[in-house]
Number of protein chains: 2
Amino acid sequence: MVNVKVNLEKRSYNIHIDVSTSNLIGNFMQTMKVNKKILVISDTAVGNLYGIQMVELLIKDGFIAELYCVPPGEHSKNLDVAMELYTKAITLELDRNCAIVALGGGVIGDLSGFVAATYLRGVPFIQIPTSLLAQVDSSVGGKVAVNHPMGKNLIGAFYQPRMVLIDINFLSTLPNRELYTGLAEVIKYGMIADKKFFTYLCDHSRQILDKRPDVLTEIVRRSCEIKAWVVEQDECESSIRAILNFGHTIGHAIEADTNFSVYNHGEAVAIGMYGAALISNHLGMCSKATVDVLKHILLQFNLPVYAPECGIEDLFKLLYRDKKVLDNKITWVLLNDIGEVNLCNQVPENIVKLALAEITQSNTLS
Amino acid sequence: MVNVKVNLEKRSYNIHIDVSTSNLIGNFMQTMKVNKKILVISDTAVGNLYGIQMVELLIKDGFIAELYCVPPGEHSKNLDVAMELYTKAITLELDRNCAIVALGGGVIGDLSGFVAATYLRGVPFIQIPTSLLAQVDSSVGGKVAVNHPMGKNLIGAFYQPRMVLIDINFLSTLPNRELYTGLAEVIKYGMIADKKFFTYLCDHSRQILDKRPDVLTEIVRRSCEIKAWVVEQDECESSIRAILNFGHTIGHAIEADTNFSVYNHGEAVAIGMYGAALISNHLGMCSKATVDVLKHILLQFNLPVYAPECGIEDLFKLLYRDKKVLDNKITWVLLNDIGEVNLCNQVPENIVKLALAEITQSNTLS
């Protein structure tokens, strides 16, 4: 068993990573000092695969566990579904020491975490992420949220889980495209913080795509470690945590511009990372070779680097809609080298548009 | 100007108390290092009296302030109205450094605070409480919430304001019954922590009821100081903060049993404090004289000590519905003496029912 500790004083917690960790859910929950009643939240897809078994394991270990499934997909991440979950929690008479367990991908983690953060002003929250993207990104760091009709994740909180339980076995049933989307975030960790890890990814691309459990365990471990290291320094995103947004500035704009229906999150971030690398190169911050090595690994992991469906001007406008924009200034995460980024909020408009032209494969600039 | 500091590390803040503090809103906001755009949330009653003037003062000092009023009363404290406020904030393009200001009583503070805690995962929040109850209780300590159809304050967070601005002048337009409901909480602070303050209240009852600004300033100051002292020790109510619930265990049951339409919060708490004192006396923890001196000051401040509309069995059942009940155990706040309480979660059922019989003025016990 591999453990990554997230050190946040009273809110510190462990991430347990291995194959078959979820079989030990009962033992893990017993160490949490929570009440016997547990609400497990999942979606109908993951719930059918793993939810019932998880609840049975908990019951076998003396817990009173109940599974509640919402429809799969981003559409469930809203205040109406949160209201359903509050009602369920109240009906079950969950008190402040009863845990809410999120079993699923990012949507389930974000939604359940928001409910756990706000039900009775906060109850113990456990993350059991089932997708690679959730394992390396959304389940660690305490960002929870639901969407508003006018934008994603606009309603949320910083609320740390009490524990994250990562079972590498879950990845065996993960569709390939979902694997690739997770790999985009894994590549990001190499890009922002660890050239050696980036090289490891390049060297093990075959084993990764073959879902070799030992290699997957290692890339999840190192990704969580890097994310934990960043979050420990800046829990509520007032400074350095922003580096986790490498590729996300343009990525979010691409997702919005294509109405979240063409590219999934990792794919949009892949294109966004390539765009940010281009900007860095145009500013003279990093070499063309650095941009190319990034492009190469993205393509190797079946990720896109172009979004021809998007228009330069549309993307440019959408950049300013991000909730990280402060005083109308975009904080760009730019590249010095593989494993080394810095923050910059003064990129000339023409440089940004040049990069947008390249990733949208447009011939003309307005 | 009187200041009370709430020491909560990075979340520390000041409570500024005086007559006419609200005239200085612009200066105070300038010290907060927030962006120019400010959303002031109020209800139509308070908004008409003070809201427009407050926004004008802010604009005069260079802010872009907007007033948004919801209907007055508990009915506005729900997720639907919160959703309206999120939409307003998004439409105004408030970013993470833009402040939300709550101008009103407890409902406005709790609702605005919940929105501030969750909009973009938290934005700067300023409390300007206009009722005595909000000034001494809800605006200090970071408890924010909205109601669920199945119970009050079931959806919320612990989210500290960046500043609390208390203007004693606001109390001049406060209806008498609203003054009395605030005084119930003021008496509570004396009962749980400060015999000398309790004596001060007894000695100055005339000046308090006459709304003498200097005396009101002093009782608000000392109440905030006691609340801050408790909250500093236990921000998220895992231990000693529970003493603030003195009178609230029975009080909440009375409010629920009468459908929140007979007694306001302070009145229910007054009866609840009397009930808790009776239980303490029956357990041999405090003298009959202590119970009587409490009863005397409650009546002097035009607060009730009996709830004849309620039934013993109904109240008894409702006691267990409180969100502070853990593992089906009620944590009672009981009285040793004026200014000295302790927590007890093992009060015999017959002692509780005896006290309920007395406060409901029932002749028979089931």
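Read the figures in this text as sums done on the coordinates, not as results from a lab. Bear in mind the structure is a predicted one, so any value in this text is a computation, not a measurement. Glycine gets a Cβ as well: all are built from the backbone with ideal geometry, and neighbour counts include every protein chain shown.
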Task: Using a 7 Å Cα-to-Cβ projection, B:N23 label spacings across copies, nm, ascending - done: 7.5
Open item on the list: Going by average Cβ density within 10 Å per residue, which order do the peptides A:330-339, A:188-197, A:101-110 take, highest to lowest?
Closed with: A:101-110, A:188-197, A:330-339
Open item on the list: Using a 10 Å cut-off around each Cβ, can you sort A:C98, B:C202 from fewest to most neighbouring Cβ atoms?
Closed with: B:C202, A:C98
Task: Listed residues A:V220, A:V305, A:V293, most fluctuating in chain A (Gaussian network, C-alpha, under 10 Å) - done: A:V293
Open item on the list: Using a 10 Å cut-off around each Cβ of peptide A:119-127, what is the average number of partner chain Cβ atoms that fall inside?
Closed with: 4
TODO: Please give every one of the lysines within straight-line cross-link reach of A:K36, meaning a C-alpha to C-alpha distance under 23 Å, and leave out same-chain neighbours fewer than 8 residues apart.
DONE: A:K10, A:K60, A:K88, B:K317, B:K323, B:K324, B:K329
- [ ] Order by neighbour count: A:M29, A:M1, fewest other Cβ atoms within 10 Å first, most last.
- [x] A:M1, A:M29
TODO: Hey, could you grab the Kirkwood Rh for the protein assembly as shown? Inverse mean 1/r over distinct alpha carbon pairs, Å, one decimal.
DONE: 27.4 Å
TODO: Would you mind pulling out the separation of the Cα centroids of segment B:306-366 and segment A:323-366, in Å?
DONE: 63 Å
Task: lysines whose Cα lies under 24 Å from that of A:K211, excluding same-chain neighbours fewer than 8 positions away - done: A:K188, A:K195, A:K196, A:K227, A:K295
Task: Nearest-first distances (nm) between copies at B:I330, label 7 Å from Cα via Cβ - done: 5.9
- [ ] Could you run the Debye sum over the Cα atoms of chain A, one equal point scatterer each and no solvent, and tell me log10 of I(q)/I(0) at q = 0.06, 0.10, 0.11, 0.15 Å⁻¹, two decimals?
- [x] -0.21, -0.60, -0.72, -1.30
Task: Most mobile listed residue (B:N259, B:N245, B:N14) in chain B, GNM with C-alpha springs under 10 Å - done: B:N259
- [ ] Using the 7 Å Cα-to-Cβ label point, sort the distances from A:R206 to its equivalents in the other copies shortest first and give them in nm to one decimal.
- [x] 9.7
TODO: Sort out the exposed loop GluC sites (Glu not before Pro) in chain B (DSSP loop, at most 15 other Cβ within 10 Å) and tell me the longest stretch that has none.
DONE: B:94-308
TODO: Quickly estimate the mean residue ellipticity at 222 nm for chain A, helices only: each DSSP H run with n ≥ 4 gives -39500 (n - 2.57), and the total goes over all residues, rounded to 500.
DONE: -13000 deg cm²/dmol
Open item on the list: Can you give me the distance in nm between label points at A:E340 and B:D214, each placed 7 Å from the Cα along the Cα-to-Cβ direction?
Closed with: 6.8 nm
- [ ] Could you work out the mean count of beta carbons from other protein chains within 10 Å of each residue's beta carbon in B:144-154?
- [x] 3
Task: Of B:Q30, B:Q127, B:Q160, the one that fluctuates the most in a GNM where chain B has Cα springs shorter than 10 Å - done: B:Q30
TODO: Return the average number of partner chain Cβ atoms within 10 angstrom of each residue Cβ along peptide B:83-91.
DONE: 3
Open item on the list: Within a 10 angstrom radius of the beta carbon, how do B:K60, A:K36, A:K143 rank from fewest other beta carbons to most?
Closed with: B:K60, A:K36, A:K143
